[in-house]
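Structure first, then comments.
The values are calculated or read from the model by the stated rules, or taken from the named source; none is laboratory data. Note that this is a predicted model, so its numbers are computed, not measured. Please note: Cβ atoms are built from the backbone with ideal geometry, for glycine as well, and neighbour counts cover all protein chains shown.
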Amino acid sequence: MSVVSLEREGRVAIVVIDNPPVNASSHAVREALLDAIAHAGRDASVTAVVLTGAGKAFMGGADIREFDHPPVEPQLPQVIAAIMECPKPWLAAIHGPALGGGFELALGCDVRIAAPDAIVGLPEVTLGIIPGAGGTQHLPRLVGIPRAIELICAGQRIKAEEALQLHLIDEVVAGDLRSTALELAAQMTTKRRIRDLPVPRYEAQEAVAAEEKAIAANSGRQIVEAIAAIKSAAALPYAEAMKLERRVFLELRASPEAAEARRRFFESRNAAKGAPR
């Protein structure tokens, strides 16, 4: 069974990620997503694309087991860049968790709608790393530098209604998510890339206060690096800032501290399941 399916509803293509239990962005998922993106982009009869997840999640994040091995192409930034470069507009229909790479994938889409049970966020710092697929660049363009520091450095998980207030999503859908997504996608005619938005102006003291609060809560290297990457959104051209984010992400991913954080993560998950350690 394919981990990604491509369906059609009129002139709207529907890309469904199906990698139980949380649709993690494994290597197989990334490859299949690139194929689906290319297919939808080439098909002249497709005017827009809906991206969603099967089961109970949009995408719970990366397949953390892959972090113990060297990165294998394609990586998630390539997938997100392909969505942004696709001439067709994309709509992310989020239900359940869209965390880490899952939320970064949604941020690569032109529109984001969510079911009331959706939870979004970038909790990478809890694993000793920083967002590595555009999170430190796209979030500041939506919420500003100080709030991005607060959200990313706390690894905050954000419920749908709060995400709507923060403009992280465009609509909370009380009814059938798929039907609403199809209706909205059928009306979409233009791209609306977050990367093209300016970073909102902010007061320096607001950023300093956010930095001090973040470092006081957790003085790990990933916090300092996350702050620097977030601030680069306002200081560097987009392409340069993206390269900086990715370089730091890969450095931290390979660090002993991140390996230890992963070990604790799996130990905690196994304990919660009642599995033997």
Counting only residues that are among the hydrophobic types (A, V, I, L, M, F, W, C), within 17 Å of residue 179 (Cα to Cα) and loosely packed, with under 14 Cβ neighbours inside 10 Å, the range 1-58 contains a total of 0
With the structure loaded, tell me whether residue 32 is of a type in the set (Gly, Ala, Ser) and assigned to a loop (DSSP other than H, G, I, E, B) or whether it fails that test.
no
Whether any residue in the range 260-272 is hydroxyl-bearing (Ser, Thr, Tyr) and not in a helix (DSSP H, G or I) is what I want to check.
no
Taking the range 262-277 and the residues there that are of a type outside the set (Lys, Arg) and within 26 Å of the chain's Cα centre (by Cα), the one that is modelled with the lowest pLDDT would be 272
Residue ID - farthest from residue 232 (Cα to Cα), chosen from residues in the range 129-151 that are touching a residue at least 60 places away in the same chain (Cβ under 8 Å) and among the β-branched types (Val, Ile, Thr):
129
Within the range 169-193, restricting attention to residues that are without any contact (Cβ under 8 Å) to a residue 60 or more places away in the chain and in a loop (DSSP other than H, G, I, E, B), which residue is nearest to residue 116 (Cα to Cα)?
174
Hey, could you check the range 5-29 for residues that are of a type in the set (Val, Ile, Thr) and either under 17 Å from the mean Cα position of the chain (by Cα) or in a loop (DSSP other than H, G, I, E, B) (or both) and say which is nearest to residue 109 (Cα to Cα)?
15
When the range 56-67 is checked residue by residue, the ones that are touching a strand residue (DSSP E or B) at 6+ places or on another chain (Cβ under 9 Å) and either among the β-branched types (Val, Ile, Thr) or over 30 Å from residue 251 (Cα atoms) (or both) are 56
Give the residue that is farthest from residue 210 (Cα to Cα), with candidates limited to residues of the range 153-195 that are in contact with a helix residue (DSSP H, G or I) (Cβ under 9 Å, 6 or more places away or on another chain) and not hydrophobic (A, V, I, L, M, F, W, C).
191
Could you say whether any residue in the range 158-171 is among the small types (Gly, Ala, Ser), surrounded by 22 or more Cβ atoms within 10 Å (Cβ to Cβ) and within 17 Å of residue 217 (Cβ to Cβ)?
no
Please verify whether the range 217-233 includes one or more residues that are without any contact (Cβ under 8 Å) to a residue 40 or more places away in the chain, in a helix (DSSP H, G or I) and exposed (fewer than 14 other Cβ atoms within 10 Å of the Cβ).
no
